[in-house]
Every structure is written in structure tokens, then in C-alpha cells.
Amino acid sequence: MTETVIGHRTARIDGELKLTGKADYAADHNLPNQVYGYPVPSTIACGKLLGLDLDEARQAPGVIDIVHRGNFPQLQPSDNNPACGAAARLYRSPSTMGEENKVGEVRLPFEDDGIHYEGQYIAMVIADTFEHARAAARLVKARYEVHEAVPGLFYTDDEGEEAGDEAVSRGDPAGAFDAAPVKLDQTYTIAMETHVAMEMHASIAHWEGDRLTIYESTQGVVFQRNALAQIFGIPPEKVTVIAHYIGSGFGSKLFMWPHAVITAVAAQRVGRPVKTVLSRQQNFCNAGNRPASRQHMRIAADRDGKLLSIRHDSYNETSFVDEYTESIGSGTPRVYACDNVSVSQRRVKVNHGTPTSMRAPGEVSGSFALESAMDELAIALDMDPLELRRRNFADRDPSADLPWSGNHLRECWDDASRRFGWDQRNPQVGSMRDGHEIIGWGMADATWEAMRSHCSARVELRADGRVQVACGTQDIGTGTYTIVAQTASELTGVPLERIEVKLGDSMLPAGPLSGGSMATATVMPAVAGATRKAIERLKQLAVAEGAPFAGKEADALEFENGALSDGSQTLSFAELLDKLQRGMAEGEASAAPGEEKDKFSFRSFGAHFVEVRWDPGISRLRVARVVSTIDIGRAINPLTARNQVEGAIVMGMGMGLFEATEYDPAGNIYNNNYADYIVPVHADIPDIEVELLDSPDYNFNEFGARGVGEIGITGMAAAIANAVYHATGKRIRDMPIKIADLMEP
Amino acid sequence: MMDDSAHSPNRSSQTSDTLTVNLTLNGEPIALEVEPNVVLLDALRERLDLTGTKKGCDHGQCGACTVLINGHSANSCLTLAVMHEGSEITTVEGLARDGRLHPVQEAFLEHDAYQCGYCTAGQMMSTVSMFNDKRIGTDDASVKEALSGNICRCGAYKNILSAVQSARQKVGEA
């Protein structure tokens with residue numbers, strides 16, 4: 001294939017809509033006759049809801065309805081509950097990945113009178129305006145029986161329960177550890193983090209008879225459609241979920257949260273569209289988080305630095321309403337060559353909302369401990385930390401006994417270390433100075449599994465000369481609209497300006513979640529298949545009786561630059577369709593991963609090199625420079641791909657230096673806002689230099705793309721902590737690094 | 001910045017709950033009928049269907065709702081609509097003129113200075129305001145400091161900075 005569009009820097013096709021305010025995010029829709037929902041959150045983290053006093057709220061201006069446990073459809077048939085609306089009862093979503101109906105919290109809203117976390121919804125006020133709904137919500141009074149909360153992982157000695165399917169063991173890790181000459185036994189922790197996507201969760205639900213349409217800020221329109229159908233007990237065809245634009249999600253919008261169910265029930269009860277936009281505070285409590293984690297890492301090597309044993313035992317928080325497992329050690333058996341490895345994962349119940357995936361879930365946490373431990377081991381061996389990693393390069397996937405489809409980690413090390421100037425590093429702690437600043441240099445590896453799912457797409461070559469591509473996936477800001485258009489443009493020769501892409505609607509052919517860095521590798525093959533089918537269809541129409549190419553073999557026709565040709569006659573598809581008096585030639589196709597996954601292990605690798613500057617006089621720590629080289633297979637759009645990696649590096653800085661969702665001993669979050677939950681801002685941003693290796697992985701798919709969203713965040717916190725050690729001599733094993741940690745003698 | 005020329009809005013004759021505010025919105029004079037507790041951001045989004053201005057926190061912490069009020073950037077979530085009698089307000093919908101993108105919009109497109117696009121209106125409105133504020137230096141550090149009230153959770157900061165610096169030249173040339 002001659003590539004003219006794919007692999008080239010391409011400005012987003014949806015850019016102008018985003019820059020002029022015309023891109024329609026969920027809450028931008030205002031439907032006729034719409035009213036507003038405002039949830040009432042629990043103010044306690046653990047206990048029982050004894051009762052609600054709704055009188056004052058009911059009499060407040062503009063209030064139309066208040067939904068709560070007393071009038072909400074329940075799991076059990078509710079003959080004795082005539083206050084319920086049209087839906088007499090609800091069902092739980094089975095919440096499985098396989099059936100594509102996973103939800104963020106399986107418990108239905110108001111299902112029991114238990115309070116399991118602060119912010120859990122106890123009611124929702126429906127009013128004519130946003131202001132009236134918010135004002136009345138504050139008038140709802142609740143009576144509670146307060147129980148002692150488990151405020152978080154770091155407050156409890158509970159060992160929790162083992163997630164058995166996470167356990168991995170090979171060789172004799174304990175024996176090898178005991179016999180090894182150089183060893184390390186340390187515990188690492190990471191604070192709970194919150195996604196804080198700029199766009200808050202929002203639902204607008206609208207019923208027309210028994211059909212539900214819901215505008216939602218979601219990373220998965222198909223998943224939410226399926227889940228709502230299960231919960232209401234109606235066919236999926238009766239539910240439409242729309243998410244044309246999403247103010248990103250980072251995992252928090254993969255799976256539906258309870259506000260959407262309450263909003264849909266409320267819309268049914270009042271017979272009008274209901275718009276609910278969660279407050280920023282509610283986003284912290286009710287829409288998932290990266291759970292706090294504790295990792296016990298035991299790692300050993302011989303005197304030449306050859307790894308002899310890795311034992312990685314992790315704990316993550318889960319809630320009292322769901323079992324959430326963070327697969328923290330999932331990368332550990334794969335990244336380095338080591339014969340004796342074990343991994344385990346335990347879940348500890350705490351009074352928080354249910355955690356969920358957050359950018360590079362599991363592995364980013366695991367990479368902090370593993371890459372910190374590698375740095376500590378290098379120091380124990382008096383060896384350069386990059387050299388230690390080189391000595392343990394895995395030339396096959398050690399956990400699957402499969403060859404890598406492509407492991408370009410060595411090129412990443414070479415390229416990034418050269419650009420960074422790593423050979424100028426003086427290993428002695430605190431030895432590199434610039435005026436009153438002490439410079440620290442640290443590095444870490446990055447890695448993320450390459451995944452692919454199944455996908456369908458439809459392509460229409462239209463009589464007006466335009467090409468329309470439709471797929472029920474979403475663009476959360478990663479650039480999916482653009483790579484879909486690039487794919488169709490590449491195969492048809494039609495310029496991008498004449499390609500329209502429809503995404504973010506569950507009525508379209510089913511597409512994947514926007515998550516796990518798998519959208520690109522999943523969507524492109526389906527779009528390519530549909531494009532080829534549309535071209536085939538066009539050829540068949542062209543050779544039919546009475547058509548311009550009648551009598552020719554369809555296979556003998558060439559399709560190039562949007563035109564069909566038999567060598568003597570050339571017609572653009574628009575001209576041809578016009579002659580045929582047809583509106584379009586269409587094709588629909590599905591694509592899924594095949595046998596390649598049994599032949600190869602697919603994983604991306606990269607390396608981060610970080611410079612920090614520590615000014616001990618004023619206790620000032622800054623990341624000054626990040627140089628990263630990442631292998632993502634083929635960069636379909638280098639402009640947006642690099643942006644993704646740079647953004648992930650910024651979020652990794654957040655994990656290393658700033659981000660912590662903090663709970664008081666009663667289980668209430670005390671920094672549930674954008675001022676007190678610190679994320680990197682413009683002034684924090686260092687010089688970031690990212691290079692993407694151009695090494696297409698054609699074993700994975702025909703375009704060689706492996707996915708790009710997550711890998712950049714992995715390893716970043718460790719690279720920063722390793723650089724901080726080099727500057728200060730202080731090994732910080734608890735993220736985020738706090739200035740106070742560095743001031744202690 | 002507060003509007004120092006604000007007059008008292010007139011109590012509406014229609015209902016006792018609402019007031020009429022006369023202001024200029026993206027160059028057009030409008031009379032807004034609104035309750036006194038309606039925040040400017042919500043008035044734009046829910047009453048005037050100008051949804052390009054985004055809500056990210058409702059507390060003046062994230063910058064997504066930044067608009068220009070009499071030429072100066074302001075968090076539209078921190079000011080009541082009724083305080084803007086006589087104000088000239090510009091939202092992202094008013095940046096492009098006669099179908100042509102503003103140089104800041106062009107630079108954001110070219111430099112891929114966004115990902116999800118949700119903070120973008122605020123980033124651009126703060127940039128336009130910053131260009132008009134001669135107290136703010138033109139070097140990268142000054143720009144980063146000046147724009148630090150506009151959070152981009154996608155972390156597209158590097159591209160935003162290059163877009164802003166490139167747009168500065170174009171705005172200067174225009």
C-alpha cells in the first residue's frame with residue numbers, strides 16, 4: 001500500500017468544531033421541555049439512612065419531583081409502592097466485559113438503606129431550572145445512623161481478600177531470593193488519585209414512549225446502551241446513547257455510574273427530558289478513582305546484576321459495594337528476564353466509592369514499585385541503573401514463552417539516553433549542581449500491553465462525492481475521528497476534506513470502548529474492511545447491465561483517487577453513482593483479533609529520562625526536563641500521537657509530585673475540588689522531548705499501530721523518584737513526593 | 001476583572017423574580033431576562049444556548065469557563081449575570097469573524113493545542129486577554145505563569161504554549 005495520509009502529521013478533522021465552540025459535548029444539549037436534576041449526596045461515609053425530610057425541598061420554587069428510595073423502582077416487584085413511575089422495577093446489569101454491559105457500580109441507586117461511602121446518592125431533586133434544582137437539593141434533610149468508617153487502605157491493618165486470578169508464579173522465587181547475594185525488600189505506596197477529567201459527568205435522558213435516548217459523557221456508548229437495557233429490562237434497540245464529544249475520561253467514563261440510571265428514571269417519572277450534570281465534588285465521590293495501593297517488592301540479583309528473583313505482592317482498595325481489582329503486578333512477570341517471579345493481588349474494602357480504571361490501570365502503579373526497586377538495586381550493586389536494565393533485557397516474553405511481536409526497548413534506551421546526555425551523569429548523590437540548585441537525573445522504563453478488540457464499521461461512498469464512515473466508538477480527545485478519516489482517505493484516495501466521520505452513537509455499527517490504548521488498532525481494520533466492501537459494491541454496480549462498465553469484470557476495474565477505471569474510461573464514484581441514479585455504494589465490515597495472539601506477545605516499551613532540580617534553600621522541587629523515547633508501533637497521526645504521550649507524561653508528573661485524594665478519619669474527602677486536588681498546570685511543565693520510534697507492528701494489524709494513550713504515564717513516577725534520590729539522597733517510596741519528605745533530615 | 005461601569009439592572013415588569021440585563025454579547029446587543037442568582041456561565045449555557053463556554057468546576061478553579069468581559073478575561077462561573085448591565089462579553093463563539101478563524105484558533109489547530117477540547121475555549125480566551133495585557137512578559141515562563149489558571153487535564157500544555165507563541169506573532173502582524 002502506498003501510504004499518503006497514514007503516518008503523516010494531520011490536523012484534527014474535528015479541530016474547527018472544538019475551536020469554535022460547536023463541538024457538542026453531552027451537557028451542551030438543551031432539549032425542548034427539559035428540566036434539571038441535582039443529586040443529593042450522603043454526608044457520611046458509613047452507616048444507615050434512617051429517613052429523609054423532604055417537606056422543605058418539595059415546597060421550594062420550581063421543584064417538580066424528588067426521587068429517592070421511597071419512590072424509586074426497586075429490584076423486587078413493588079406492588080406496595082404505588083409512588084413508583086412507569087418502571088415498576090429495575091434489574092442489575094450483569095456487569096461483564098464479555099457481554100459489554102459492565103458498569104462502574106453494580107448496586108442500583110437507592111437499592112438499600114446502607115451508606116457505603118461519602119457522596120452516595122440519597123435522592124435527586126428535579127426542578128424547572130438548574131438554580132432551583134440545586135437550591136432545593138440543599139434543603140433535603142437526612143437522618144443517619146453513623147457507623148465507624150474504614151477511611152482508606154492506609155488506615156487499616158485489614159489484609160483483605162486475595163484476587164486469585166491475578167496470582168502468577170514461575171520458578172522458585174522464595175528460594176532464589178534467600179540464596180541471592182544482593183537483595184532488596186521494600187514497601188511502596190501510592191495515594192488514591194482521581195481522574196478529574198475537565199468535563200464533569202453528565203446525562204440528559206429523554207423517553208419517547210418506551211424508547212430511551214441519553215446524552216452521556218461516556219467512553220463507551222455501546223456498553224452503556226447494553227447496561228441500560230439490562231437495568232430497565234428492555235431490548236437494546238430501544239436505548240440510544242450519544243456521546244459525540246467527550247471532555248476526556250481517563251477511565252472514569254468507561255463504565256456507567258448511578259447518576260445516569262437516576263436521571264433516566266426521573267425522566268420517565270416526570271415525562272420530560274432531565275439534564276443532570278454532576279458537581280465537581282460529586283465527580284470525586286461517585287465516578288471512580290485510582291485506588292490507593294501498597295506494594296511489597298522483594299527483588300534479588302547476582303553480583304553482575306542478573307535478576308534472580310522478583311516477588312511483587314500488592315494491595316488495592318475496593319468499596320463495600322463492588323469488588324474492584326487493580327492488576328498492579330500484571331507487567332512485572334513480562335518486562336525483565338527473570339526465572340523466578342511471583343505476583344499476587346489483594347483487595348481491601350474501604351468506605352470509598354468503587355474504584356475504576358484510570359490511565360494505565362494497575363501497570364502504572366506496578367511500574368512505580370518495580371522501576372524504583374530496579375534503581376535501588378542498581379545502587380546496591382554500584383551499577384548504572386540503565387546498565388542494570390540492559391543486563392536484564394527480555395528477548396522473549398518470559399511469562400508467555402512467546403516471541404515479542406516487536407520489542408524495541410533497546411532502541412528506546414539508546415535514543416533517549418543519547419538525547420538526554422545520560423553518559424554525563426555523575427552517579428554520586430548530590431554531585432551535580434547548577435548555582436544553588438542540586439540536579440538529579442533518573443530514568444525508568446515504560447511499558448503497556450497492546451490490546452485489540454472487535455469492531456464493526458460502515459462506509460458510504462456518496463453521490464455527492466463525499467465519503468461517510470460510521471462506527472459506534474468515541475473520540476475522547478485521542479484523535480479517533482481523524483485516524484478513521486485517514487484510514488478511509490488512504491484506501492479511497494479521497495481527500496480528508498470530503499470524508500465525514502460519525503462516532504459516538506450506539507445506533508452506529510458497534511465499536512469498542514475508548515480505553516486500554518486499543519481503539520486505534522481495533523477500529524482501523526474494521527474501517528478498512530468496510531471501505532473495501534464499499535469499493536467492491538461500487539464495482540459491482542458499475543458492471544451491471546446498462547451501467548457505464550457493463551460487460552467488464554468487476555475485478556478488472558481499478559479504483560484510484562476516488563475513481564473507477566478500466567484503462568480507457570475513468571469515472572469518479574460521484575459521477576458513476578449519479579449516472580446510476582444511486583445515492584451511495586455502501587459497505588459494512590467487522591474485524592477482530594485472530595490467531596496472531598497465539599503466535600506473538602504484543603507489548604509496547606519505552607524509556608523516560610528525567611532531570612529534577614532541588615533548591616534546598618527554599619524547599620523547591622521541580623521537574624526540569626523529560627526526554628522519552630517510546631515505541632508505539634506505527635504512529636498513524638504523529639501530531640496527535642506525540643500529544644498523547646506528552647499528556648501522559650504530564651499526568652505521570654501528577655502522580656509523582658502532586659496527586660492525592662485525601663480522606664479524613666471519618667471517610668470524608670477533604671480535597672474534592674480542583675484547587676485542593678493538585679494537578680500539573682502550565683507553570684509546572686518542563687521541557688518535554690518525546691520521540692516515537694517508527695516501527696510498525698504488522699503482526700498486530702495491517703496498519704502496524706499498537707496504541708498510544710497509556711504507555712507514556714508508566715514509569716514516570718519512578719523516573720522522578722529516582723531522580724529525586726540522585727539529587728537528595730532521599731528515597732521516597734510513597735507517592736506523591738511531598739516537599740516535607742525532602743526537608744526531613 | 002469586575003465591570004466597573006455596571007449599572008443596576010431594571011426589575012422586569014414580567015415577573016417579580018426576574019431582572020432585565022442589557023448587555024452586548026459577541027457584538028450583539030441583547031436583553032437578558034434572568035433571576036438574580038443565575039451565574040453568568042449558566043446564563044450563557046442554559047438560557048442563551050452558547051455552550052462553547054464550558055463548566056469544569058463552578059468554583060473559579062479550572063479556567064474552562066473563561067470569557068472576556070470588557071476585554072478582560074474572567075471566570076464566568078464566578079460572576080452573576082445581573083452584574084453585567086452594559087458589559088461587553090465575548091465568548092469563544094465570538095472569536096471567529098466573518099467565517100475566518102481568529103489567529104489564536106488557527107494556531108491551536110495547527111499546533112494540536114488540545115486533545116479533548118473541553119478546556120480549549122478557556123485557554124484561548126485567556127490567551128487573547130493576555131495579548132492585550134502589556135504587563136505580562138512575552139517569554140515562555142511569563143506565558144506559562146499567566147495561563148496557569150487554565151487547567152488542561154489532557155496535558156497538552158506543550159502544544160498550547162507553542163500555539164500561543166506562534167499566534168502572538170500572527171496577532172502582531174495582523
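FYI, it's all coordinate maths here, none of it is from the lab. Note that the structure is a prediction, hence the values are computed from the model and not measured. For neighbour counting, all protein chains shown are included, and Cβ atoms are generated from backbone atoms with ideal geometry for every residue, glycine included.
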Considering only residues of segment B:56-71 that are crowded, with 23+ Cβ neighbours inside 10 Å and facing chain A (nearest Cβ under 7 Å), which is nearest to residue B:21 (Cα to Cα)? B:58
Would you pick out the residues in segment A:683-704 that are within 17 Å of residue A:644 (Cβ to Cβ) and either free of Cβ contacts under 8 Å to residues at least 40 places away in the same chain or outside any loop (DSSP other than H, G, I, E, B) (or both)? A:685, A:688, A:689, A:690, A:691, A:692
Filter segment B:148-157 down to the residues that are at the interface with chain A (Cβ under 7 Å from one of its Cβ atoms), buried (at least 24 other Cβ atoms within 10 Å of the Cβ) and without any contact (Cβ under 8 Å) to a residue 60 or more places away in the chain and list them by number. B:153, B:154, B:155, B:156, B:157
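Going through segment A:644-675 one residue at a time, which ones are without any contact (Cβ under 8 Å) to a residue 40 or more places away in the chain and either within 24 Å of residue A:116 (Cα to Cα) or in a helix (DSSP H, G or I) (or both)?
A:650, A:670, A:671 - these are the residues of segment A:644-675 that are without any contact (Cβ under 8 Å) to a residue 40 or more places away in the chain and either within 24 Å of residue A:116 (Cα to Cα) or in a helix (DSSP H, G or I) (or both).
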Which numbered condition in (1) touching a helix residue (DSSP H, G or I) at 6+ places or on another chain (Cβ under 7 Å); (2) within 14 Å of chain B (Cβ to nearest Cβ); (3) buried (at least 19 other Cβ atoms within 10 Å of the Cβ) is the only one that residue A:25 fails? (1)
Quickly run through segment B:87-118 and pick out the residues that are surrounded by fewer than 24 Cβ atoms within 10 Å (Cβ to Cβ), out of contact with any Ser or Thr (no Cβ under 8 Å at 6 or more places or on another chain) and at the interface with another protein chain (Cβ under 7 Å from one of its Cβ atoms). B:109
Number of positions in segment A:670-691 that are buried (at least 22 other Cβ atoms within 10 Å of the Cβ) and more than 11 Å from chain B (Cβ to nearest Cβ): 0
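Given the structure, is residue B:79 more than 12 Å from every other protein chain (Cβ to nearest Cβ), in contact (Cβ under 8 Å) with a residue 40 or more places away in the chain and either of a type in the set (Phe, Trp, Tyr) or within 23 Å of residue B:154 (Cβ to Cβ) (or both)?
So residue B:79 does not fit the description; no.
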Can you tell me which residues in segment A:387-436 are surrounded by 18 or more Cβ atoms within 10 Å (Cβ to Cβ) and in a strand (DSSP E or B)? A:397, A:404, A:432
Within segment B:11-52, take every residue that is at the interface with chain A (Cβ under 7 Å from one of its Cβ atoms) and part of a loop (DSSP other than H, G, I, E, B) and give me the one that is farthest from residue A:246 (Cα to Cα). B:35
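Looking for something within 23 Å of residue A:414 (Cα to Cα) and aliphatic (A, V, I, L, M) - is there at least one such residue anywhere in segment A:660-683? Show your work before the answer.
Of the residues in segment A:660-683, the ones within 23 Å of residue A:414 (Cα to Cα) are none.
No: zero hits.
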With respect to residue B:117, determine if the residue is touching a residue at least 60 places away in the same chain (Cβ under 8 Å) and closer than 30 Å to residue A:688 by Cα. no
Number of the exception - residue A:444 against (1) out of contact with any His (no Cβ under 7 Å at 6 or more places or on another chain); (2) crowded, with 24+ Cβ neighbours inside 10 Å; (3) more than 22 Å from residue A:102 (Cα to Cα): (1)
Only one residue in B:127, B:138 is part of a helix (DSSP H, G or I), hydroxyl-bearing (Ser, Thr, Tyr) and more than 8 Å from chain A (Cβ to nearest Cβ), so which one is that? B:127
